[in-house]
Number of protein chains: 2
Amino acid sequence: MQGNRIALSRAITFVESTRSDHQELAHTILDSCLETGRQSLRIGITGPPGSGKSTLIETLCLEILKNPNNRIAVLTIDPSSERSGGSILGDKARMEKLAGSKEVFIRPSPSSGYLGGTSPKTHQAILLCEAAGYNVIIVETVGVGQSEIFIDSMVDYILLLVLPGSGDELQGIKRGIMEIADGIAITKVDEATEKNVSLSQAACESALKLLPKKHTVWTPHVTLTSAITGRGIDAVWNNILEFAEKLRESGTFEKNRKKQLHQLFCAQVDLQLKKSFYSHPETKSLFAKTAAAVEENSMSPFTGAKKLVEKVIRSPR
Amino acid sequence: MQGNRIALSRAITFVESTRSDHQELAHTILDSCLETGRQSLRIGITGPPGSGKSTLIETLCLEILKNPNNRIAVLTIDPSSERSGGSILGDKARMEKLAGSKEVFIRPSPSSGYLGGTSPKTHQAILLCEAAGYNVIIVETVGVGQSEIFIDSMVDYILLLVLPGSGDELQGIKRGIMEIADGIAITKVDEATEKNVSLSQAACESALKLLPKKHTVWTPHVTLTSAITGRGIDAVWNNILEFAEKLRESGTFEKNRKKQLHQLFCAQVDLQLKKSFYSHPETKSLFAKTAAAVEENSMSPFTGAKKLVEKVIRSPR
């Protein structure tokens, strides 16, 4: 909480670890981070591969840092990196303008089996970064599969990046992701023709009009951006600030945060339940025996499961 | 077990029900169905929409019934029907040649949230059909998403249906489904040109050669079929019989069945654990209170989850 980056890194490592002593340590740390009282802003940035997430984040960070009170934590998650192996390093290299900055903390987060890369562990990493004094948290994720559900459960504002095309570039973007976007940035407009940029903008705007509103007090905006020329980057940041103000005024901001904590709690209950059950001495001593009886057809899978669970769950008083 | 179709239908309805008294009744019935001692053959039939699953199943059933000892249960599952609403009825209508047969029991199964439609409930329905004296069980599923994992956990033989095309029809079929196929039937060859049929056959055969073997004792075969002319239907059935013989001889058949029971057991343990936990009086009385404390930031989600689970899990002795 004194802003020690090495301590923060270590804490996130404990969160990410699958070792149960590390997990306990992580939760002890997180417990002591409650009510840090800081007003943070959590931004999710998503978009298809190649839509320029890393470069936009880098330029956006430089814009955010124009206010000297801001300190930024960037959690980059790229599930494709598990396969290609190179992307996280690539991201780091691309974000080299930020690497030297003391006001920016960059951390690639493990996606560990969660589609799209945002997991309860990412949520915990956000809490740690906030406790360490970072008031702007940026979570980068690839908009695939069910990631939209996960990212929506831990950030305040979601920015969707779209490459300019001939109008049908939205086909590659799932409806579910459009629905949770609080803003859209059309990226790399310097590389596209004026006509294609206009077509993309029109397509995004009409798509947003067709979808149900995420927040009654907010209408998502489409911004034309270029990380190279800097076009639109200030507009993106101002839009995020305006969003935070509007939602705070209406009470939606706080309500949303509570809902997210509730979801995190539910996920933790499920995790803890499984952990406590499978590490329980009764389970350990009976599981193999019961499974064998089931395989030999001398006990049904249902009776076996019931008997096993009954041994571990406390009888109702 | 006396072969009463109405009793069987009711038992499957109990299995499918989400009511917990129905579930208990279903498990009591299933418990008494253990060790029915019959040698059954479970066949999974999968393929993209439009590949002719229903018509092939109908013609295959007529072929199987040439042996008067055979009684067939067909569990058809079509997740798309949830949306379109008409497909299950469509299937039933298409299978009208079987509808009057006393030797065939046809049942559309609910997909209830499981991708591709095969769920632990389908596995239970299979067990019930076997207890009722059906020795050939056919499970129809659409080859999408993760259905291949589910279907592979409950049948002995998987037949993949492929429409003849110009050789790239395999692109729409996921590698995971090719990998679990024990046989491929190219369907509707009467409607395609000789050239396209040959191209498809060659594509399937070379794809099978590239993939790792599922069973060391078995090499999947590609059969050309037409439900209209009847071409290849006997070959498909003979191939399934040959498969069963080879796998029984090598012990693989029995080993596979044991593995499937083990998986069903594990799935049941997880289900039972959640059910016992969330219906526990302690959980019911404490969940809302703990969640509220978490939302108010007076307790962390981790400590909250731990405290709640500790109340319900028996302390290790």
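Numerical summary
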read-out: Answer from A:E245, A:E282 - the residue that is under 30 Å from A:A185 (Cβ atoms) and free of Cβ contacts under 8 Å to residues at least 40 places away in the same chain; value: A:E245
read-out: Helices (runs of 4 or more DSSP H) lying entirely in segment B:1-78 (those with 1 or more residues that are in contact with a strand residue (DSSP E or B) (Cβ under 8 Å, 6 or more places away or on another chain)); value: B:5-16, B:53-64
read-out: Residue identified as within 15 Å of B:W237 (Cβ to Cβ) and of a type in the set (V, I, T) among B:I45, B:I29; value: B:I45
read-out: Residue in segment A:302-311 that is surrounded by fewer than 18 Cβ atoms within 10 Å (Cβ to Cβ), out of contact with any helix residue (DSSP H, G or I) (no Cβ under 9 Å at 6 or more places or on another chain) and within 14 Å of chain B (Cβ to nearest Cβ) present; value: no
read-out: Failed condition for B:I240, given (1) without any contact (Cβ under 8 Å) to a residue 24 or more places away in the chain; (2) more than 9 Å from chain A (Cβ to nearest Cβ); (3) of a type in the set (V, I, T); value: (1)
read-out: Hits in segment B:276-291 - residues which are more than 15 Å from A:Q272 (Cα to Cα) and within 8 Å of chain A (Cβ to nearest Cβ); value: B:H280, B:P281, B:E282
read-out: Set A:A244, A:A207: member being in contact with a helix residue (DSSP H, G or I) (Cβ under 9 Å, 6 or more places away or on another chain) and at pLDDT below 90; value: A:A207
read-out: Filtered residue count, segment B:268-307, keeping only those that are within 21 Å of A:K306 (Cα to Cα) and assigned to a helix (DSSP H, G or I); value: 15
read-out: Qualifying residues in segment A:259-275 (those that are aliphatic (A, V, I, L, M) and in contact with a Pro (Cβ under 6 Å, 6 or more places away or on another chain)) - the one nearest to the other protein chains (Cβ to nearest Cβ); value: A:L264
read-out: Which numbered condition B:L34 misses (of (1) within 10 Å of chain A (Cβ to nearest Cβ); (2) among the aliphatic types (A, V, I, L, M); (3) in contact (Cβ under 8 Å) with a residue 24 or more places away in the chain); value: (3)
read-out: Only one of B:R248, B:R231 that is among the charged types (D, E, K, R) and either in contact with a Ser or Thr (Cβ under 8 Å, 6 or more places away or on another chain) or more than 28 Å from B:V136 (Cα to Cα) (or both); value: B:R231
read-out: Residues within segment B:217-243 that are over 26 Å from B:E254 (Cα atoms) and part of a loop (DSSP other than H, G, I, E, B), tallied; value: 8
read-out: Flag for B:I64 being more than 14 Å from chain A (Cβ to nearest Cβ), within 22 Å of B:M154 (Cα to Cα), surrounded by 18 or more Cβ atoms within 10 Å (Cβ to Cβ) and modelled with pLDDT of 70 or more; value: yes
read-out: Test: residue in segment A:247-258 that is within 30 Å of A:G183 (Cβ to Cβ) and within 8 Å of chain B (Cβ to nearest Cβ); value: yes
read-out: Enumeration of residues in segment B:190-212 that are crowded, with 20+ Cβ neighbours inside 10 Å and farther than 20 Å from B:I240 by Cα; value: B:A192, B:S200, B:A203
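To keep it simple, each residue is scored yes or no on (1) modelled with pLDDT under 90; (2) touching a Leu at 6+ places or on another chain (Cβ under 6 Å).
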site: A:Q146; (1), (2): yes, yes
site: A:Y157; (1), (2): no, no
site: A:D168; (1), (2): yes, no
site: A:I173; (1), (2): yes, no
site: A:I184; (1), (2): no, yes
site: A:T219; (1), (2): no, no
site: A:I228; (1), (2): no, no
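Yes or no, residue by residue, for (1) free of Cβ contacts under 8 Å to residues at least 24 places away in the same chain; (2) not acidic (D, E); (3) not in a helix (DSSP H, G or I):
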site: A:I151; (1), (2), (3): no, yes, no
site: A:M154; (1), (2), (3): no, yes, yes
site: A:I158; (1), (2), (3): no, yes, yes
site: A:L161; (1), (2), (3): no, yes, yes
site: A:I184; (1), (2), (3): no, yes, yes
site: A:E205; (1), (2), (3): yes, no, no
site: A:H215; (1), (2), (3): no, yes, yes
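The values are calculated or read from the model by the stated rules, or taken from the named source; none is laboratory data. Note that the structure is a prediction, hence the values are computed from the model and not measured. Cβ sites come from the backbone with ideal geometry, for glycine too, and all protein chains shown count toward neighbours.
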